[in-house]
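K.L.:
What follows is a structure written as structure tokens; I'll ask about it next.
The values are calculated or read from the model by the stated rules, or taken from the named source; none is laboratory data. Being a predicted model, the structure only gives us computed values, none of them experimental. Virtual Cβ from ideal backbone geometry, glycine too; neighbours counted across all protein chains shown.
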Amino acid sequence: MFSSYLKLALKVLGRHRFFTFISLFGISFTLMILMVTTAFLETELGSHPPLTEKDRIVLLPRLIMKNMVADTIWSVDTMMLDGQPAYDSTFTMGKKHQNSYSSSSISYSFLDRYMRDLPGAEAHSFFCSDTRFDIFVNGKKLNFKALYSDASYWNIFDFQFLAGRPFQAAEVERQVPVAVLSRKASVDYFGTTDQVIGRSIEVDGKQLEIIGIVEQPSNSKDYVASEVYLPVTFMSEKDLSETGFYGPFKAAFLAQNKEARSTIQAAIEQKAQQISLPNPEEYNQLQLMSATVTSLYAFYLVPVQDDPEGALRMFMMVATGLMLLFILLPTLNLINLNISRAMERSAEIGVRKAFGADSGSILSQLLFENVVLTFLGGVLGWLLALALIYLINDSQFLGDTKLQFNTTVFLYSLLICLVFGILSGLLPAYRMSKLQIVNAIKHNNL
Amino acid sequence: MIRHIFQLVWNKKRSNALLFLEVFFAFAILFLVLTWVTRNLRLYSTPLGFETENAWIVHLNLYEVGDTATTEEMKLRLREELLSLPQIEAASYGGSVSPFSGSTWSTNNDNNGFMIMTHLVFTDEHYKDAANLELVQGRWFDETDRDSRYKPVVISQQLYEESFEGRNLKDSVYTIQGENKIIGVVDHYKYFGDFATEYSVSFFYEKPASLELPNLHLRLATGTSVAFEETVNRIVADVTGMNDFTIEHLQKSREQAARSVWIPMISMLSICGFLVLNVALGLFGVLWYNISKRRAEVGLRRTLGASRMEVSLQFIGEIILVSLLAILLGVVFAVQLPILGVLQEEIEAFDYYVAMGAGAVLIIGLVLLCTFYPSQQAGRLQPAVVLHEE
């Protein structure tokens with residue numbers, strides 16, 4: 001049964017080359033774009049180093065101070081009471097609104113004081129990720145980003161070490177001059193990643209010994225992307241001792257499990273309520289913007305002010321809408337084509353029905369044919385996607401972000417193929433299966 | 001004729017419904033993408049207002065300095081020393097809000113009896129030369145502004161049009177940030193990049209030595225070699241005794257800022273192009289098939305005296321009617337966006353209407369292109385042959 005269906009399907013495809021070409025073109029390009037998009041999302045938001053534990057990470061990138069004031073409304077009613085004017089005054093507090101606002105990353109001392117023991121957090125790290133240095137090597141300028149961190153940073157973000165090791169708590173504390181380089185930085189600076197361990201690099205006027213080389217992280221996440229990683233104690237004394245709330249630091253927390261993330265986020269929010277502000281006349285409300293890896297990513301794409309969760313919702317809505325619209329169009333197109341193609345075969349179907357085939361078997365045969373066509377398109381689309389990904393990576397179209405085509409993506413694509421095939425085949429197949437035998441045979445010159 | 005076509009379309013409403021939906025969604029996608037593209041291109045077409053070619057910015061870190069007087073003196077010495085090089089044509093100190101950096105400082109008030117909304121940029125008297133700003137009114141800062149009673153301000157043309165058009169600039173003191181005298185107007189200052197909305201900008205004066213101005217803007221002579229940067233780097237390091245400064249090439253930053261718009265724009269446009277091509281091919285196939293199903297009808301019409309042209313026009317008319325109806329429905333939805341002012345700050349009504357027009361024209365053109373050949377074929381059918389088949 002199966003093999004005869006398959007044979008039939010291939011025969012039908014071969015008969016009308018032009019129609020087959022149009023269908024295959026539509027299917028393969030649609031699937032190619034879907035596969036490249038899923039590959040992109042998988043690369044950006046999947047679980048792989050340095051964010052294998054992304055579902056357990058909570059980030060605290062920003063601190064916001066606001067001044068909320070309420071409008072006061074003073075109204076006086078006059079009325080005549082016993083021939084005398086009487087006054088009745090009311091004083092109402094209006095809705096609170098914000099009249100000044102500022103937001104920034106956070107100072108080390110603030111994090112040190114308030115963010116050390118959050119319930120649900122297994123580890124925490126405070127780091128500064130927005131310093132840049134110009135470094136000259138053989139007359140060529142390199143602009144290196146430096147990320148200053150403590151030792152627990154390496155426990156939260158599991159960087160893939162190509163060589164060497166991360167720095168340890170003792171080294172951070174004793175200000176041992178060590179540094180970890182990214183692969184790209186090592187290639188730019190030394191021309192190689194071989195035997196770089198033990199050599200030294202000059203950053204900020206200090207000679208640092210290189211103790212590790214990590215695989216280049218994607219540059220879309222500023223809390224992991226860097227060229228050189230240094231112990232936090234190499235930051236200037238002023239940055240570390242600054243007592244105000246604002247500073248160059250961010251924090252990351254590792255939750256015990258996925259669910260404990262909300263415990264940490266709730267605890268951070270609660271802290272914000274308790275901490276008293278240094279000058280309440282200027283600002284009277286403190287907000288700590290915590291985020292998950294995914295919501296922070298969405299926040300950078302769709303800036304909804306100070307609300308990563310809101311940004312994620314909005315992003316999901318827009319992305320799903322676009323995706324649906326995008327799938328809908330080729331599907332409609334295919335349905336249209338399939339109906340035309342199936343109509344042509346009404347005679348064949350009429351004969352099958354006349355010999356006793358029921359609607360169900362006709363339906364499944366036509367659906368099967370469509371799924372075969374879709375899988376054929378899927379294979380083509382997969383090859384096209386591989387080519388496109390290669391081209392994108394080769395041309396540095398997305399900077400340091402390298403798209404990877406992995407099994408997860410392939411499985412998703414297979415699923416997409418199946419859904420696509422069934423979706424675009426269902427309506428035509430249903431129509432055909434309901435065809436009256438008499439009409440089907442009569443209108444055709446067999 | 002038109003009533004007749006309506007009748008024909010209505011008779012085949014089931015198969016036309018799918019075509020209708022397809023054109024409708026194609027229009028919807030085209031409209032959304034083209035709106036965004038139109039917006040970007042409209043913004044791209046206005047000038048930046050300052051030059052980025054051969055412009056560098058040395059970002060100094062003045063947070064950690066101890067003694068104000070020595071630092072001020074050091075800043076002036078650094079500028080003098082760099083200016084003495086023949087490759088450097090102009091040098092000016094600016095505040096930490098620098099082009100393409102993403103940082104802003106804005107303020108708004110209605111203390112003057114009318115609304116002022118503006119972004120603040122702090123510069124010294126040399127910035128006009130360093131950035132090649134174009135003045136449309138008044139003058140730029142000069143040394144006489146150092147001790148003026150009211151802080152002098154140069155505003156951008158946009159702020160002028162928004163808040164000061166028709167007001168006396170010369171002798172009035174306005175409250176923008178403190179008490180200010182407006183001494184000049186520059187034409188544009190789109191400091192977020194080519195594709196960004198232009199904001200109203202006010203330049204505030206600070207003296208070059210001030211610690212509020214940590215960025216040294218340099219204008220280089222054309223044809224300066226890349227290796228010259230190392231010289232600048234060494235001089236800055238020697239004079240300031242600091243290591244944590246960076247030198248930014250403004251042209252590079254500008255390209256990078258533009259790239260972040262070009263990339264998604266090109267991706268979206270190519271996806272859109274593919275979708276449209278897909279729809280066109282589909283349309284072509286369906287039409288081809290439909291016409292071959294209606295051979296008998298064509299034959300009959302031809303025997304009854306219809307010309308080739310009339311037969312072709314009938315098929316084209318049917319498809320165009322369905323497409324027009326679908327686009328009409330699309331426009332009914334699309335028109336709500338500018339009417340309701342969706343995303344008003346970013347997208348102007350103009351963008352929506354251009355996208356609507358372009359989308360409609362594109363789809364109609366495509367449909368015409370796809371119907372042309374099959375309907376021509378239909379016109380060429382020989383009545384004797386097709387009627388014989390029947």
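K.L.:
Given the options A:197, A:201, A:268, name the one that is in a strand (DSSP E or B), surrounded by 15 or more Cβ atoms within 10 Å (Cβ to Cβ), touching a strand residue (DSSP E or B) at 6+ places or on another chain (Cβ under 6 Å) and among the β-branched types (Val, Ile, Thr).
P.N.:
Exactly one of A:197, A:201, A:268 is in a strand (DSSP E or B), surrounded by 15 or more Cβ atoms within 10 Å (Cβ to Cβ), touching a strand residue (DSSP E or B) at 6+ places or on another chain (Cβ under 6 Å) and among the β-branched types (Val, Ile, Thr), namely A:201.
K.L.:
Looking at segment B:200-207, is at least one residue within 14 Å of chain A (Cβ to nearest Cβ), modelled with pLDDT of 90 or more and in contact with a strand residue (DSSP E or B) (Cβ under 7 Å, 6 or more places away or on another chain)?
P.N.:
no
K.L.:
With out of contact with any Cys (no Cβ under 6 Å at 6 or more places or on another chain), closer than 30 Å to residue B:267 by Cα and in the same structural domain as residue A:41 (by TED's automatic domain parsing) as the only criterion, which of A:366, A:380, A:427 stands out?
P.N.:
A:380
K.L.:
Oh, and also: Read through the list (1) more than 14 Å from chain B (Cβ to nearest Cβ); (2) surrounded by fewer than 16 Cβ atoms within 10 Å (Cβ to Cβ); (3) under 24 Å from residue A:49 (Cα atoms); (4) under 30 Å from the mean Cα position of the chain (by Cα), then give the number of the only condition that residue A:168 fails.
P.N.:
The one condition residue A:168 does not meet is (4).
K.L.:
In contact with a helix residue (DSSP H, G or I) (Cβ under 6 Å, 6 or more places away or on another chain), part of a loop (DSSP other than H, G, I, E, B) and within 20 Å of residue B:215 (Cβ to Cβ) - does that describe any residue in segment B:137-158?
P.N.:
Yes.
K.L.:
Would you mind finding the one in B:289, B:199, B:189 that is among the hydroxyl-bearing types (Ser, Thr, Tyr), crowded, with 18+ Cβ neighbours inside 10 Å and within 30 Å of residue B:358 (Cα to Cα)?
P.N.:
B:289 is the lone residue from the list that is among the hydroxyl-bearing types (Ser, Thr, Tyr), crowded, with 18+ Cβ neighbours inside 10 Å and within 30 Å of residue B:358 (Cα to Cα).
K.L.:
Just give me the residues in segment A:33-61 being in contact with a Lys or Arg (Cβ under 8 Å, 6 or more places away or on another chain), among the polar types (S, T, N, Q) and buried (at least 18 other Cβ atoms within 10 Å of the Cβ), in sequence order.
P.N.:
The answer is A:43, and nothing else.
K.L.:
Output the residues belonging to segment B:239-259 that are facing another protein chain (nearest Cβ under 10 Å) and either polar (S, T, N, Q) or out of contact with any strand residue (DSSP E or B) (no Cβ under 7 Å at 6 or more places or on another chain) (or both).
P.N.:
B:241, B:242, B:243, B:246, B:252, B:256, B:259
K.L.:
Further question on the same structure: Restricting the search to segment A:67-115, which residues are modelled with pLDDT of 80 or more and at positive phi?
P.N.:
Listed by number, the list is empty, since nothing qualifies.
K.L.:
If you don't mind, there's one more thing I want to ask. I need the full set of residues from segment A:226-259 which are aliphatic (A, V, I, L, M), at pLDDT 90 or above and farther than 21 Å from residue A:65 by Cα, in order please.
P.N.:
Across segment A:226-259, the qualifying residues are A:228, A:230, A:232, A:254, A:255.
K.L.:
Which of the residues belonging to segment A:345-371 are hydrophobic (A, V, I, L, M, F, W, C) and either within 48 Å of the chain's Cα centre (by Cα) or assigned to a helix (DSSP H, G or I) (or both)?
P.N.:
A:347, A:349, A:351, A:354, A:362, A:363, A:366, A:367, A:368, A:371
K.L.:
If you go through segment B:1-17, how many residues are facing chain A (nearest Cβ under 10 Å) and either under 23 Å from residue B:312 (Cβ atoms) or touching a residue at least 12 places away in the same chain (Cβ under 8 Å) (or both)?
P.N.:
Matching residues across segment B:1-17 total 1.
K.L.:
Given A:58, A:76, A:69, A:137, which one is among the aliphatic types (A, V, I, L, M) and closer than 30 Å to residue B:62 by Cα?
P.N.:
Step by step, each of A:58, A:76, A:69, A:137 is checked, and only A:137 is among the aliphatic types (A, V, I, L, M) and closer than 30 Å to residue B:62 by Cα.
K.L.:
Report yes if residue A:350 is in contact (Cβ under 8 Å) with a residue 60 or more places away in the chain, surrounded by 17 or more Cβ atoms within 10 Å (Cβ to Cβ) and in contact with a Cys (Cβ under 6 Å, 6 or more places away or on another chain), otherwise no.
P.N.:
Here the answer is no, as residue A:350 does not meet what is asked.
K.L.:
Give the residues of segment A:118-146 that are within 14 Å of chain B (Cβ to nearest Cβ), touching a strand residue (DSSP E or B) at 6+ places or on another chain (Cβ under 7 Å) and not polar (S, T, N, Q), sorted by residue number.
P.N.:
A:128, A:132, A:133, A:134, A:135, A:141, A:142, A:144, A:145, A:146
K.L.:
Is it fair to say residue B:217 is touching a Ser or Thr at 6+ places or on another chain (Cβ under 7 Å), part of a loop (DSSP other than H, G, I, E, B) and in contact (Cβ under 8 Å) with a residue 60 or more places away in the chain?
P.N.:
No, not satisfied.
Residue-by-condition table, conditions (1) surrounded by fewer than 19 Cβ atoms within 10 Å (Cβ to Cβ); (2) within 11 Å of chain B (Cβ to nearest Cβ); (3) out of contact with any His (no Cβ under 6 Å at 6 or more places or on another chain):
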site	(1), (2), (3)
A:322	yes, yes, yes
A:365	no, no, yes
A:373	no, no, yes
A:379	yes, no, yes
A:393	yes, no, yes
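K.L.:
Being closer than 30 Å to residue B:233 by Cβ and small (Gly, Ala, Ser) is the filter; apply it to segment A:138-158 and report the residue that is modelled with the lowest pLDDT.
P.N.:
Among them, the one singled out is A:139.
K.L.:
Report yes if some residue within segment B:95-116 is among the hydrophobic types (A, V, I, L, M, F, W, C) and at pLDDT 90 or above; otherwise report no.
P.N.:
Within segment B:95-116 (the criterion being among the hydrophobic types (A, V, I, L, M, F, W, C) and at pLDDT 90 or above), the answer is no, since none of the residues qualifies.
K.L.:
To continue, here is another question. Looking at (1) out of contact with any Phe, Trp or Tyr (no Cβ under 9 Å at 6 or more places or on another chain); (2) under 30 Å from residue A:136 (Cα atoms); (3) assigned to a helix (DSSP H, G or I); (4) facing chain A (nearest Cβ under 10 Å), which is the one condition that is false for residue B:230?
P.N.:
(1)
K.L.:
Looking at B:273, B:282 in this structure, which one is more than 30 Å from residue B:51 (Cα to Cα), at the interface with chain A (Cβ under 9 Å from one of its Cβ atoms) and small (Gly, Ala, Ser)?
P.N.:
It is B:282.
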